[in-house]
Amino acid sequence: LLNAQDQKLASLCEREGRALVFAVNKSDKILDRKFVDEKLKKTIQKSLPQFKGAYITYISGLKRIGFNTLRENVLKTYSNWNFRQSTSNLNTWLQEKLDKHAPPMNSEKRRIKLKYVVQSNSRPPTIKIFTSHNGFISKSYKRYLENSFREDFDLLGTPIRIIFKSGDNPFTFSKH
(Lines give C-alpha, C1' and ligand atoms only; values in the text may rest on other atoms or scores of the structure.)
Protein backbone atom coordinates (compact mmCIF):
# COMPACT_ATOMS: atom_id res chain seq x y z
CA LEU A 1 0.00 0.00 0.00
CA LEU A 2 2.87 2.39 0.68
CA ASN A 3 5.40 2.46 -2.12
CA ALA A 4 9.04 3.50 -1.78
CA GLN A 5 8.28 7.11 -2.74
CA ASP A 6 5.58 7.35 -0.04
CA GLN A 7 8.00 6.03 2.56
CA LYS A 8 10.75 8.43 1.45
CA LEU A 9 8.37 11.39 1.67
CA ALA A 10 7.17 10.34 5.14
CA SER A 11 10.76 9.84 6.34
CA LEU A 12 11.69 13.26 4.97
CA CYS A 13 8.71 14.79 6.84
CA GLU A 14 9.88 13.14 10.06
CA ARG A 15 13.51 14.18 9.61
CA GLU A 16 12.49 17.79 8.90
CA GLY A 17 10.04 17.79 11.82
CA ARG A 18 6.92 18.19 9.70
CA ALA A 19 3.45 16.90 10.51
CA LEU A 20 1.75 14.46 8.16
CA VAL A 21 -1.77 13.48 7.07
CA PHE A 22 -2.26 10.55 4.72
CA ALA A 23 -4.75 11.17 1.89
CA VAL A 24 -5.84 8.14 -0.11
CA ASN A 25 -7.15 9.26 -3.50
CA LYS A 26 -9.54 7.36 -5.77
CA SER A 27 -11.34 6.04 -2.70
CA ASP A 28 -14.49 5.63 -4.81
CA LYS A 29 -12.72 2.66 -6.45
CA ILE A 30 -12.10 0.84 -3.13
CA LEU A 31 -14.41 -2.13 -2.72
CA ASP A 32 -13.61 -3.03 0.91
CA ARG A 33 -12.58 0.17 2.72
CA LYS A 34 -12.40 -1.51 6.14
CA PHE A 35 -9.87 -4.05 4.84
CA VAL A 36 -7.80 -1.34 3.10
CA ASP A 37 -7.94 0.88 6.20
CA GLU A 38 -6.72 -1.91 8.52
CA LYS A 39 -3.96 -2.90 6.10
CA LEU A 40 -2.81 0.71 5.66
CA LYS A 41 -2.75 1.31 9.44
CA LYS A 42 -0.68 -1.86 9.96
CA THR A 43 1.71 -0.84 7.17
CA ILE A 44 2.16 2.63 8.68
CA GLN A 45 2.70 1.19 12.15
CA LYS A 46 5.31 -1.25 10.81
CA SER A 47 7.24 0.87 8.31
CA LEU A 48 6.61 4.37 9.73
CA PRO A 49 6.18 3.90 13.50
CA GLN A 50 6.88 7.59 14.14
CA PHE A 51 3.56 8.34 12.41
CA LYS A 52 1.56 5.64 14.16
CA GLY A 53 -1.99 6.91 14.56
CA ALA A 54 -1.61 9.62 11.91
CA TYR A 55 -4.87 10.70 10.34
CA ILE A 56 -5.85 8.86 7.17
CA THR A 57 -8.40 10.50 4.90
CA TYR A 58 -10.11 8.84 1.97
CA ILE A 59 -10.80 11.24 -0.88
CA SER A 60 -11.97 11.15 -4.47
CA GLY A 61 -10.99 14.02 -6.72
CA LEU A 62 -13.36 12.84 -9.42
CA LYS A 63 -16.42 12.64 -7.16
CA ARG A 64 -15.27 15.42 -4.83
CA ILE A 65 -15.57 13.27 -1.72
CA GLY A 66 -13.67 13.59 1.56
CA PHE A 67 -12.20 17.07 1.25
CA ASN A 68 -14.00 18.46 4.32
CA THR A 69 -12.63 15.55 6.38
CA LEU A 70 -9.19 16.14 4.90
CA ARG A 71 -9.32 19.80 5.94
CA GLU A 72 -10.42 18.84 9.48
CA ASN A 73 -7.59 16.31 9.79
CA VAL A 74 -5.02 18.79 8.49
CA LEU A 75 -6.18 21.36 11.08
CA LYS A 76 -6.02 18.78 13.91
CA THR A 77 -2.54 17.73 12.82
CA TYR A 78 -1.44 21.36 12.58
CA SER A 79 -2.69 21.90 16.12
CA ASN A 80 -0.71 18.85 17.29
CA TRP A 81 2.39 20.17 15.52
CA ASN A 82 2.01 23.47 17.45
CA PHE A 83 1.50 21.65 20.77
CA ARG A 84 2.52 23.50 23.95
CA GLN A 85 2.37 22.19 27.51
CA SER A 86 3.30 23.73 30.84
CA THR A 87 6.46 22.58 32.60
CA SER A 88 4.46 21.44 35.65
CA ASN A 89 2.19 19.24 33.49
CA LEU A 90 5.22 17.79 31.71
CA ASN A 91 6.94 17.00 35.00
CA THR A 92 3.78 15.33 36.33
CA TRP A 93 3.67 13.28 33.13
CA LEU A 94 7.37 12.34 33.47
CA GLN A 95 6.91 11.25 37.08
CA GLU A 96 3.99 9.00 36.07
CA LYS A 97 6.16 7.41 33.36
CA LEU A 98 9.05 6.91 35.82
CA ASP A 99 6.72 5.31 38.36
CA LYS A 100 5.37 2.98 35.69
CA HIS A 101 8.71 2.06 34.11
CA ALA A 102 12.04 3.15 35.62
CA PRO A 103 14.96 4.02 33.34
CA PRO A 104 17.58 1.32 32.80
CA MET A 105 20.92 1.10 34.59
CA ASN A 106 23.96 2.61 32.93
CA SER A 107 27.26 0.82 32.29
CA GLU A 108 28.41 1.53 35.86
CA LYS A 109 25.30 -0.26 37.21
CA ARG A 110 23.84 3.02 38.43
CA ARG A 111 20.26 3.98 37.69
CA ILE A 112 20.07 7.06 35.51
CA LYS A 113 17.91 9.73 37.09
CA LEU A 114 15.58 11.76 34.93
CA LYS A 115 15.39 14.96 36.96
CA TYR A 116 12.90 17.19 35.17
CA VAL A 117 11.49 18.06 31.77
CA VAL A 118 10.81 21.29 29.88
CA GLN A 119 9.35 21.95 26.48
CA SER A 120 12.02 23.66 24.44
CA ASN A 121 10.11 24.01 21.19
CA SER A 122 7.01 23.28 19.18
CA ARG A 123 6.83 22.61 15.45
CA PRO A 124 7.49 19.75 16.15
CA PRO A 125 6.88 19.28 19.87
CA THR A 126 10.33 19.07 21.47
CA ILE A 127 11.05 18.35 25.10
CA LYS A 128 14.33 18.32 27.01
CA ILE A 129 14.74 15.86 29.83
CA PHE A 130 17.56 16.65 32.21
CA THR A 131 19.42 13.59 33.48
CA SER A 132 22.00 12.71 36.09
CA HIS A 133 25.69 12.08 35.36
CA ASN A 134 25.44 12.37 31.60
CA GLY A 135 23.63 9.05 31.50
CA PHE A 136 23.09 7.11 28.35
CA ILE A 137 19.41 6.45 27.66
CA SER A 138 18.71 3.33 25.62
CA LYS A 139 16.82 3.59 22.34
CA SER A 140 14.06 1.39 23.69
CA TYR A 141 13.52 3.62 26.74
CA LYS A 142 13.55 6.74 24.55
CA ARG A 143 10.97 5.09 22.27
CA TYR A 144 8.87 4.24 25.36
CA LEU A 145 8.87 7.91 26.36
CA GLU A 146 8.12 9.10 22.79
CA ASN A 147 5.22 6.68 22.40
CA SER A 148 3.87 7.57 25.84
CA PHE A 149 4.16 11.29 25.07
CA ARG A 150 2.35 10.85 21.74
CA GLU A 151 -0.43 8.75 23.28
CA ASP A 152 -0.88 10.67 26.54
CA PHE A 153 -1.09 14.06 24.83
CA ASP A 154 -2.90 12.69 21.74
CA LEU A 155 -0.28 13.99 19.29
CA LEU A 156 -1.21 12.17 16.11
CA GLY A 157 0.55 12.82 12.81
CA THR A 158 3.46 14.83 14.16
CA PRO A 159 7.03 13.84 14.97
CA ILE A 160 8.18 14.26 18.55
CA ARG A 161 11.67 15.17 19.63
CA ILE A 162 13.06 14.16 23.00
CA ILE A 163 16.48 15.49 23.92
CA PHE A 164 18.36 14.22 26.95
CA LYS A 165 20.63 16.75 28.58
CA SER A 166 22.96 16.41 31.52
CA GLY A 167 23.76 19.35 33.73
CA ASP A 168 27.40 20.22 34.26
CA ASN A 169 28.88 18.88 37.45
CA PRO A 170 29.95 21.94 39.51
CA PHE A 171 32.54 19.81 41.34
CA THR A 172 34.43 18.83 38.19
CA PHE A 173 37.48 21.02 37.66
CA SER A 174 38.85 21.64 34.22
CA LYS A 175 42.59 21.27 33.71
CA HIS A 176 43.73 24.56 32.20
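The values are calculated or read from the model by the stated rules, or taken from the named source; none is laboratory data. All of these numbers come straight from a predicted model, not from anything done at the bench. Here the Cβ is made from the backbone with ideal geometry for all residues, glycine too, and neighbour counts use every protein chain on show. Accessible surface areas use protein heavy atoms only, side chains included; no ligands, DNA or RNA. Shrake-Rupley method; radii C 1.70, N 1.55, O 1.52, S 1.80 Å.
Structure data summary
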item: Under 5 Å, built H, 5+ apart or other chain: amide partners of residue 24; result: 57, 58, 59
item: Length-normalised contact order for the chain - Cα pairs under 8 Å, 6+ apart - percent; result: 24
item: GNM top mover of 125, 103, 159 - the chain, alpha-carbon springs below 10 Å; result: 103
item: Charged-residue dipole, Cβ positions (Lys, Arg, Asp, Glu), the range 6-63 about Cα centre, Debye nearest 20; result: 100
item: Sequence-distant residues sharing a close amide H with residue 164 (under 5 Å, placed H); result: 129
item: Förster-model FRET efficiency, 22 Å R0, residue 65 and residue 38, C-beta, rounded to 0.05; result: 0.60
item: Helix-only mean residue ellipticity at 222 nm for the chain, each DSSP H run of n ≥ 4 adding -39500 (n - 2.57), per residue, nearest 500; result: -13000 deg cm²/dmol
item: Estimated FRET transfer efficiency (residue 78, residue 120; beta-carbon r; R0 22 Å; 0.05); result: 0.65
item: At least 27 Å along the helix axis (C-alpha) and Kyte average at least -1.0, DSSP helices within the chain; result: none
item: The chain - accessible surface per residue (Å², probe 1.4 Å); result: 66
item: Span from the the range 1-70 Cα centroid across to the the range 123-157 one, whole angstrom; result: 25
item: The chain - charge dipole about Cα centre, Lys and Arg +1 at Cβ, Asp and Glu -1, debye rounded to 20; result: 300
item: Amide proton proximity set for residue 65, modelled H, under 5 Å, gap of 5+; result: 60
item: Rounded to 5, percent antiparallel among DSSP beta bridges of the chain; result: 45
item: Sulfur and carbon atoms: percent of accessible area, the chain [1.4 Å]; result: 52
item: Calculated P(r) over Cα pairs in 10 Å bins from 0, in percent (choose from (i) 11, 43, 37, 9, 0; (ii) 10, 37, 38, 14, 1; (iii) 9, 31, 29, 18, 9, 3, 1, 0), label; result: (iii)
